[in-house]
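Inspection log for the structure reproduced underneath, given as structure tokens.
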Amino acid sequence: MDVTQGLGAYPAIIGWLKGCGVPAWLAEILYRVGAGLLVLTLISILALVLVYMLRKVMGHMQCRLGPRVTGPFGLLQTVADALKLMQKEDIIPAQVDRPVFILAPYLVFLSCGMIFMVLPLSPTWILNDLDVGLLFFIAFGSLAAFGLLMAGWGSNSKYSLVGGMRSVAQVVSYEVPMVLALLGAVMLAGTLSTQEIVRAQSGTWLGFLPRWFIFLQPLGFIIYFLCGLAETGQTPFDLPEGESELVAGYNTEYSGMRFALFFLAEFGNTFAISAMATTLFLGGWHGPVFSFLPWLWPFVWFMVKAMALTFCIMWVRSTWLRFRIDQMMDFAWKILVPLALLNIFVSAGEVALIRWIGG
Amino acid sequence: MQQDYLTLAIYPLVILGFSVFVLALAWVLRAKPPKSPVKQAPYECGIPTRGETWVRFRVAYYLYALVFVVFDVETIFLYPWAVALHRLGLFAYIEAILFILILLVGLGYAWKEGALEWK
Amino acid sequence: MVGLPCYFGLSTILFVIGLFGALTKRNAIVVLMCIELMLNAVNINLVAFARFIDPGALLGQLFVIFTIAVAAAEVAVGLAIVLVLNRYRDTVNLDDFTWLKG
Amino acid sequence: MSFPVVSATVFAPLVGAALIFCLSPARKELIRWIAAVTTGISLVLAAYLVLAYDLSAGGVQFAEKINWLPSFGIKYFVGVDGISAVMLLLTAIVGFTGVFASWGIQDRVKEYYITFLALTFACAGVFASFDIFLLFVFFELAVLPKYILISVWGSTKKEYAAMKLALYLTLGGAITLLGILCLYFVAGINSLDLLELARHEFTRNQQLLLFAIFALGFSVQVPIVPLHSWLPDAHTGAPTAGSMILAGVVMKLGAYGIIRIACWLFPQGALFWAPVIAVLAIVCVVYAAFVAMGQKDLKYMIANSSISHMGYSVLGIAALTVASLAGALFQFFAHGIMAALNFAIAGMTYDRTHTRVIAAMGGLAKVMPVLGIAFAIGCLASVGLPGTASFWAEFSVFVGSFPIFPTLSILAISGIVFTAYYMLRALQRVYFEPLRHKEFAKLKDAVWHDWVVITVIVFFIVAMGVYPSLLMNLITSGLDPIMAGFKGATPVAGLTTWLAALGGVR
Amino acid sequence: MDAVKLLLPEIIVSLCGLIILTERIFTKADLQRKDAAWFGVGGLLLAGIFAAKLFGVNQTAFYGSYRVDDLAVFFKLVAIVAAGMTLLFAPDFLVRKGVKSGDFASVVLFAAAGMMLLPSALDFITLYIALELISVSFYVLLALQRGEVRPAEAGLKYLLLSGLASAVLLYGMSLIYGLTGSTYLTAIRQAFSAGEWPVLSGVGCLLILAGLGFKIYVVPFHMWAPDVYEGGPSPAVAFLATGSSAASLAAVLRLFGETFAGLSGVWLPLLVILALITVAIGNILALPQTNIKRLLAYSSIAHAGYILLAVVARSGLGTAAVMYYSLLYAVSTVTAFAVISAFADFTAGGETSAFAGLNRRAPFLTFVMVIALASLAGVPPLAGFMAKFAVFAAAVQAGYVVIAAVALLLSVISIYYYFQVIKVMYVDEPAETTPITYGWGTQAALILGLAGVILLGLFPGPLLRLAQVAAGFTRF
């Protein structure tokens, strides 16, 4: 329910607020606002870290060093970038569809932020453990498509429009195998709550193998991960903003902080995909808990796993070539969708098997 | 599983508030040079833009969208089934498998009819 | 607290808006959207009734799932037909079709 | 089960139609002969029925009963009583002669004979049915063949005439159907068997209402004057054999229905409504006679004279005495064959001269003596000359109805004068004046198939004129059960008393 | 399993549809092929046999949401007959118009499955799903013919109006659900039989009536019929005109015969008036039509009015009459459309004038058409007459003598427009005289239809008996 429940923070904070003479309803609201801001801060920090990480990883993979001037090891590079973006001129081209153009970044960022609401960072650290958490994740994940289309259309620029349309086609196409792939995990866990799914992965098989769903659902994991790449527009599926053909796709016409929102959302989404893969297939926050700060370890394990996946994304990004659009669509519909449907059969068999063994 | 509808209501507002705040901050901080027509022209590698931008799009996009709608809605049947799978009998298994087989036939038909070709 | 009358009132308003739009608008896609609006009014009704009138049973919610599915099928076919027509006639305006002569 | 004579009589033409249906359209001669043979069989069987009917036993004989629609208690129930036998004979005669009268048709012979045979079949079916539903089925079945017959092979405004006929007759049918439904539920005996219904007691008000509905439904077909306008057009538009069967048989269906259903089942209603019917009958007689006098077209004239003649029958029905009813029924027969003859001759004449305008012809008897004589016989029969069948019919009607409706009867008798005037004038103009047109001098007289028509019909006209009691006895025996309902009661005489009585019903 | 046994006919039919689709996927598309349709006919036959075996079963399955009784089985058979005959004559038409007959056949089978489900539906959800299965299939069937604008227009028009109608229907259902707390018809009936009910239940009931009224062409919801009939491909329209309305009538019988019996004060007077208006509008507006398909549309409307007369009778006889009428009307109409579709290459859009002199070009077609039209016009002893008799008998029995009388008189008008077509075919001179050819599928459909119209008319006893027995099972 609340980010800090495990520390007893919820009653403590509410009690403290009430002690300050704040009415009960306002205390509740203030608490939520605070928790929300905490998550947004997390997203922002993640974005800063990820950008730095991306540059470093890509740099080293390409036998470069990446940023190294600003701050120690170039650590402050992204902070500087953020500050630079803040000061950039805000250009709204003359012929844009203004309301659409202006609303688009908000929508994209909203979709990204909402996803984080159901990410179980640790046994107790989750903004809102909805019992339809996974559906919520899917729903807001695809909400981004609206934002991208609005951006592409509203810009009234050829690059933007093509980029927007492509990204919608891509999001829409990869949505289907993704949803079907997630189904396998749902079948095994028997719930849609993200926290419950993680809990379903506790324990081990045969005494040594963690009960992670990836061992039962390798296919589902791979499909989901590929779809995640496509949904977030990562290489090799980065056609919507393929800079060699479309300049910057749907955000060609955006500048300054508006662009930064897109940027933020993109990195937020990248992390969210990794995090959700972790939650569903890699046992989420499960891991050894040590006596030193026991409440922190699950979070650590979660971040480690998610970051490892994020690293994989970057790895893929620096090694793979971009697909052609027809290849990309074919890949979704003619390979991933049948495979995902097959995966459902496999999962159903597994569930039956587990019931048979267990009961 | 704990439902917190208050969070559900407040959190989107927090996100929007955050975005607005960030943009407002940028508005305060950023340079504000005078507008010029050239700067406000759409970006086309520096060449003056030609022709209509809002053109009609190729039909392939719509076809994908149609296939998507169908598949996406099917999942609303599969998800409840998946959640309740542990508690259901053999009949539910068979039904869902039939359902998926029918989906497969639909996919095959769309494939065969060329709805999945990027022409 | 939000009670049944509120939900019912909302759904009635939505339904009437949808009905009015479906009967007066001349654009095929808008009409299709109006019909969807009406279906969503129904969905609100069903869910609200399920919540307030028989909380134990899930009949209303079950119904909604089917409504959504059917609505999707309807829209899929509808848009496909509009697409075909659009290629012939270059319009989605109902007045431009030769029908409705009585 | 013995040989189903009645069914055979009725279905023989249908069998013929079915055979023809299977033939190639090119085999015209074979088609004609099949039609002739099947109607001939029908004629022989009908004659057998007339002769074999056991007068002393009475009632419905040769009955065949099969459950048809058990849910409604509807049966396939055919048979003959005295009246049916006579009517079947009439149908068979007209059907048989009609085949020969249309021998010369060249256009779509196959379809023509199928339609014609189907029509004959339907008419025969009406007369043989003793289940009201079955009767109605046959009644309505006749409409479509009539429509096709007129609209395809007819002449002068044929499509208009055919459509008008179809609409009027269906209207009558719809009213009758409503009557049948009301009757069925009012009686509530789950049966539409005439004999069973006749035993059922209807209340006076039920009778009044049901009689009105049935009489209204059937009167379209009679036709009684305000509903008659389809008839001249249809009769004139129809091909020769069509006119023959229309005037000879179809016109009788309605009046037959009135007697068979309305009078038999609802005697109280009949007594009550009789004055209205009588008045309408006289309007028929006089009005149609006047119209006939004004006609320039030979067929229109004969058609209107038919309406006028049917008026006598209707008057006979209205009087509701044995003599008048017997006269009415005998008139069906007499007028049936006589009108068939007249239309046949008119058709034959038209085939040769290609005109039907009376004034355009003249002196044809010189080139076509046989046709001339035949037409003369037809005209004299029309007028009701003693020695022809019509004489006995009209005589009987007047004898029966005079005591009941003296004034109206006298008016009706005066109609004969008009008839004599226009019939004889037409006879004279067409056949017995000097030959007016040179091109008519080369016309051929009756060929063999014309001979068949003329001989058969003239034989019956004269035979029944000389020996009417053969059919009269049959008819009277058939009337026995119907008259039983009246028990000597006579209709309320005079319209004023009738209107007073209407007040009483209210 | 018992439930599977009850559902077997539907399962067979939908399975055949799927098999046809699957086969389409794995073989090369060949526009000339007709075997998919024949396969469909075979499947329908098999389903018909299994359905017929269900007579007298009278069981409820799936927690009371699905009922197989004689009433349902009867309507299942009507759907099978309509679908089977459509599939027989459709391939000839489809080959000429360049539609893959596999596509058509499979969608027809899906629609047929919906039509078989609908009479058995005993709760709102099943009912709605079945209804929409039919509707969605017809959107596709109507618009399947590519290369021409009219079919697509017809499809879109049907889609928009049908979508509107089902939304209205659904809203009514949601109201009823809200008031009774159940979607099961049995529970709803019990709830309404208890006594006083709020105004809203009447509103819900009328909304459902409106929604179903659309499917069975009740005036003022009939507006779509002429345009859709005219624009749509003949086989699809034939199936739409017969199967869809028959199945919807079954639903009407279930809902208004039984479920809403307690509310009859609300809907019965309205329905009586609507029935009469429907007869009047259908017959009168059919008069000026110059297009045979539009004409048949108005005739469908008029026939819907007659059927409603039996519905409002609310008696065993009335129910039997509705069933009986549905079947006989289906046979006659499908036969008429078989002729129209055999003639389709020569008539652009079905103008009646194009039928001129058909008698000289195809005597058998003409004969079949005459019989079919005569049956629709109610000429005895053809099927249509017997049906009309049963309907009016039901109305008179229920005491609607005046209503029946007016309807009967209005029905006289129909003679005009039906016979007008007959006249055109027989009397008018043809523009050309090339004989019309058609395949054996069409031939079979024509012969079947002819035999059906004549034999069912001549020997109506067993069928009517069956319908009356089945009508006894409306109480569930």
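No other residue among D:ALA101, D:ALA128, D:ALA166 is within 11 Å of chain E (Cβ to nearest Cβ) and either of a type outside the set (A, V, I, L, M) or within 19 Å of the chain's Cα centre (by Cα) (or both) apart from D:ALA166. Is it the case that E:LEU164 is at the interface with another protein chain (Cβ under 9 Å from one of its Cβ atoms) and either part of a helix (DSSP H, G or I) or touching a residue at least 12 places away in the same chain (Cβ under 8 Å) (or both)? When the stated conditions are applied, E:LEU164 passes them.
Can you name every residue in the stretch A:17-50 that is in a helix (DSSP H, G or I), open to solvent by less than 60 Å² (accessible area, probe 1.4 Å) and over 23 Å from A:MET117 (Cβ atoms)? Selection gives A:ALA24 alone. Of the residues contained in the stretch C:17-26, one or more are found to be part of a helix (DSSP H, G or I), more than 7 Å from every other protein chain (Cβ to nearest Cβ), among the β-branched types (Val, Ile, Thr) and under 14 Å from E:ALA167 (Cα atoms).
Taking the listed residues D:SER84, D:SER56, D:SER71, the one that is surrounded by fewer than 24 Cβ atoms within 10 Å (Cβ to Cβ), assigned to a helix (DSSP H, G or I) and out of contact with any Pro (no Cβ under 6 Å at 6 or more places or on another chain) is D:SER71, with no other qualifying.
Taking the conditions (1) open to solvent by 60 Å² or more (accessible area, probe 1.4 Å); (2) in a helix (DSSP H, G or I) in turn, D:ASN190 satisfies each one other than (2).
Residues that are over 21 Å from E:PRO220 (Cβ atoms) and within 8 Å of chain C (Cβ to nearest Cβ) within the stretch E:146-155 comprise E:ARG146, E:VAL149, E:ARG150, E:ALA152, E:GLU153, E:GLY155, listed in sequence order.
Among the residues of the stretch E:125-145, those identified as open to solvent by 10 Å² or more (accessible area, probe 1.4 Å), within 7 Å of chain C (Cβ to nearest Cβ) and under 14 Å from E:VAL107 (Cβ atoms) are E:VAL136, E:VAL140, E:ALA143. Contact annotation: residue pairs with Cβ atoms under 6 Å, 6 or more positions apart or on different chains, pairing a residue in the stretch B:106-119 that is more than 7 Å from every other protein chain (Cβ to nearest Cβ) and under 11 Å from A:VAL337 (Cβ atoms) with a partner that is open to solvent by less than 50 Å² (accessible area, probe 1.4 Å) and not basic (Lys, Arg), are B:ALA110/B:VAL67; B:ALA110/B:LEU116.
Checked against (1) within 28 Å of A:ALA169 (Cα to Cα); (2) part of a helix (DSSP H, G or I); (3) more than 8 Å from every other protein chain (Cβ to nearest Cβ), A:VAL337 passes all but condition (3). I'm trying to understand the selection: among the residues of the stretch A:80-97, which are of a type in the set (A, V, I, L, M, F, W, C) and at the interface with another protein chain (Cβ under 7 Å from one of its Cβ atoms)? Listed by number, the residues that qualify are A:MET86, A:ILE91, A:ALA94. Filtered by the rule that a residue be in contact (Cβ under 8 Å) with a residue 24 or more places away in the chain, of a type in the set (A, V, I, L, M, F, W, C) and within 9 Å of chain D (Cβ to nearest Cβ), the stretch E:395-406 gives E:ALA395, E:ALA404.
So that you can scan it fast, the table gives a plain yes or no per residue for (1) more than 30 Å from E:GLY42 (Cβ to Cβ); (2) within 8 Å of chain D (Cβ to nearest Cβ):
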{"residue": "E:ALA393", "(1), (2)": "yes, yes"}
{"residue": "E:VAL421", "(1), (2)": "yes, no"}
{"residue": "E:TYR426", "(1), (2)": "yes, yes"}
{"residue": "E:GLU432", "(1), (2)": "yes, no"}
{"residue": "E:PRO435", "(1), (2)": "yes, no"}
{"residue": "E:ALA444", "(1), (2)": "no, no"}
{"residue": "E:ALA470", "(1), (2)": "no, no"}
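For A:THR235, the conditions (1) open to solvent by 30 Å² or more (accessible area, probe 1.4 Å); (2) under 16 Å from the mean Cα position of the chain (by Cα); (3) modelled with pLDDT under 85 all hold with the exception of (1).
Residue-level check: of (1) assigned to a helix (DSSP H, G or I); (2) more than 21 Å from the chain's Cα centre (by Cα); (3) over 14 Å from E:GLY211 (Cβ atoms), E:ARG146 misses just (1). Every condition in (1) assigned to a helix (DSSP H, G or I); (2) in contact with a Gly (Cβ under 8 Å, 6 or more places away or on another chain); (3) more than 10 Å from chain D (Cβ to nearest Cβ) is met by E:SER414 except one, and the failing one is (3). With respect to the stated conditions, C:ALA50 fails to be modelled with pLDDT of 85 or more and within 23 Å of E:ILE134 (Cβ to Cβ). Scanning the stretch A:340-359 for residues that are more than 9 Å from chain B (Cβ to nearest Cβ), touching a helix residue (DSSP H, G or I) at 6+ places or on another chain (Cβ under 6 Å) and not aliphatic (A, V, I, L, M) turns up A:ASN343, A:GLU350. The residue that is farthest from the chain's Cα centre (by Cα), counting only those in the stretch A:169-181 that are among the hydrophobic types (A, V, I, L, M, F, W, C) and more than 9 Å from chain B (Cβ to nearest Cβ), is A:ALA181. On the stretch given as the stretch A:118-135, residues that are at the interface with another protein chain (Cβ under 9 Å from one of its Cβ atoms) and more than 15 Å from B:TYR5 (Cβ to Cβ) total 2.
Scanning the stretch A:200-217 for any residue that is facing chain B (nearest Cβ under 9 Å), of a type outside the set (Lys, Arg) and at positive phi turns up nothing. Residues of the stretch E:1-43 that are among the aliphatic types (A, V, I, L, M) and not in a helix (DSSP H, G or I): E:MET1, E:ALA29, E:LEU31.
Let's see how each residue does on (1) among the charged types (D, E, K, R); (2) in contact with a Lys or Arg (Cβ under 7 Å, 6 or more places away or on another chain); (3) within 14 Å of A:GLY268 (Cβ to Cβ):
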{"position": "A:GLY19", "(1), (2), (3)": "no, no, no"}
{"position": "A:GLU28", "(1), (2), (3)": "yes, no, no"}
{"position": "A:GLY34", "(1), (2), (3)": "no, no, no"}
{"position": "A:VAL39", "(1), (2), (3)": "no, no, yes"}
{"position": "A:LEU42", "(1), (2), (3)": "no, no, yes"}
{"position": "A:LYS56", "(1), (2), (3)": "yes, no, no"}
{"position": "A:PRO99", "(1), (2), (3)": "no, no, no"}
{"position": "A:ILE102", "(1), (2), (3)": "no, no, no"}
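Of the numbered criteria (1) over 28 Å from A:ARG166 (Cα atoms); (2) at the interface with another protein chain (Cβ under 8 Å from one of its Cβ atoms); (3) among the aromatic types (Phe, Trp, Tyr), the one A:PHE109 fails is (1).
Every residue, every condition in (1) at positive phi; (2) open to solvent by 20 Å² or more (accessible area, probe 1.4 Å); (3) within 14 Å of another protein chain (Cβ to nearest Cβ), yes or no:
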position: A:LEU149; (1), (2), (3): no, yes, yes
position: A:SER167; (1), (2), (3): no, no, yes
position: A:ALA185; (1), (2), (3): no, no, yes
position: A:VAL198; (1), (2), (3): no, no, yes
position: A:ILE222; (1), (2), (3): no, yes, no
position: A:GLY228; (1), (2), (3): no, no, no
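Checked against (1) buried (at least 23 other Cβ atoms within 10 Å of the Cβ); (2) more than 26 Å from C:LEU85 (Cβ to Cβ), C:GLY18 meets all criteria but (2).
Being within 12 Å of another protein chain (Cβ to nearest Cβ) and at pLDDT below 85, is that true of even one residue in the stretch E:29-40? Yes: one or more hits.
The values are calculated or read from the model by the stated rules, or taken from the named source; none is laboratory data. For clarity, every value in this text was computed on a predicted model and none was experimentally measured. Heads up, the Cβs are rebuilt from the backbone with ideal geometry, glycines too, and the neighbour counts pull from every protein chain shown. Heavy atoms of the whole protein, side chains included, go into the accessibility calculation; ligands, DNA and RNA do not. Shrake-Rupley method; radii C 1.70, N 1.55, O 1.52, S 1.80 Å.
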